[in-house]
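Below is one structure; the comments refer to it alone.
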Amino acid sequence: MLIENQKNYNVHEVESIFFRPTFCGKSASELGIRVIYNMPMPTTVQVFSHNSNILCDFSSGWQGGSAVERLQKSIPMTKVKAESAYSAEEYFSTIFELITNTSDVSLGDLTGTELEKAETELFRRAIADSVFATTWLGDTGGEISDYTTYDGLLYNILSQKDDEGDNMPVEVYEQDPGLSALDLFRYTWGNATDNLRALASEGELAFFVTSDIYDAYQMYLDSTGSAAAYADCVNGRPSLHYHGIPIVEVPTSKYGANKCQSFILLTDRRNFVLALNTADSPEKEIRMWYNPDEMENRQRAVFLAGTTVLDPQLVSGVVSHVIMEAL
């Protein structure tokens, strides 16, 4: 197999090779959100809640109370296309580097399988990065960022309105130098609804924060002056927590999202949903081929993607006034 050879992947290969390794298991935990695959279209999420009082005095016959409450939320799915092109020289050097960085490779016997793995890994990383960025920053109106293929979680939250037409459920704050990262965490937790705070016992709550807040909180921990803080400052921290709740960094600056400066959001991980579908689109495909006319190696993926916030009432947080002005 040559690097110029065309490669096509079927539905099962697209899911197992390109999506599940990135958005399942440990990788999904690092994203911090709920990811669902290939649900029947239209994609609908069902959330059931148990009744808190189901005990009855014993007697014959059925005495069951009211039916279990159910929340149903449809996820708007958008057909998207990922494309990239490299000049033949750049492409070969990039693929060759991925191959030579593998410990068990034999440079004297590069098989087609090794070339395909390297080429697949290059495109898989690009797709994962773009999906992650759009999942958070997507805005089809282009007000928050340049990721416009589908609306992301941040837009879904900020577009929610209460009965008076005011934004909910987050607050807007000025980026005051006197307002510390610790203040933001305290305010977000203190402003959470009782229902949201009660979910802490289930172990699924998480803070989602931009890199500036994440770094500021880490600097605060470094400055506490304890031996443990010194050790963490030297050795690093594998993860950050506030009152036992994990903090997930959303590196918006990495994606050039200059319109989206700062936010901190507290919710149940299962409340933020990313849906991906590689089965129900007629044009679904992932292809890699060489274009001899342009002397380019090209890659294309077609699939469906969408996000939703199941219950906006189960979100607490603050966002920069710069974001709200953009909207």
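Any read-out appearing in this document is the output of simple, stated calculations on the displayed coordinates, not a laboratory observation. No experiment lies behind these values; they were computed from the predicted model shown. All Cβ positions, glycine included, derive from the backbone under ideal geometry; neighbour counts span all protein chains shown.
Modelled label positions at ASP293 and ASP311, each set 7 Å beyond Cα in the direction of Cβ, lie 5.5 nm from each other. Summing charges over all other residues whose Cβ lies under 12 Å from the Cβ of GLU202, with Lys and Arg as +1 and Asp and Glu as -1, gives +1.
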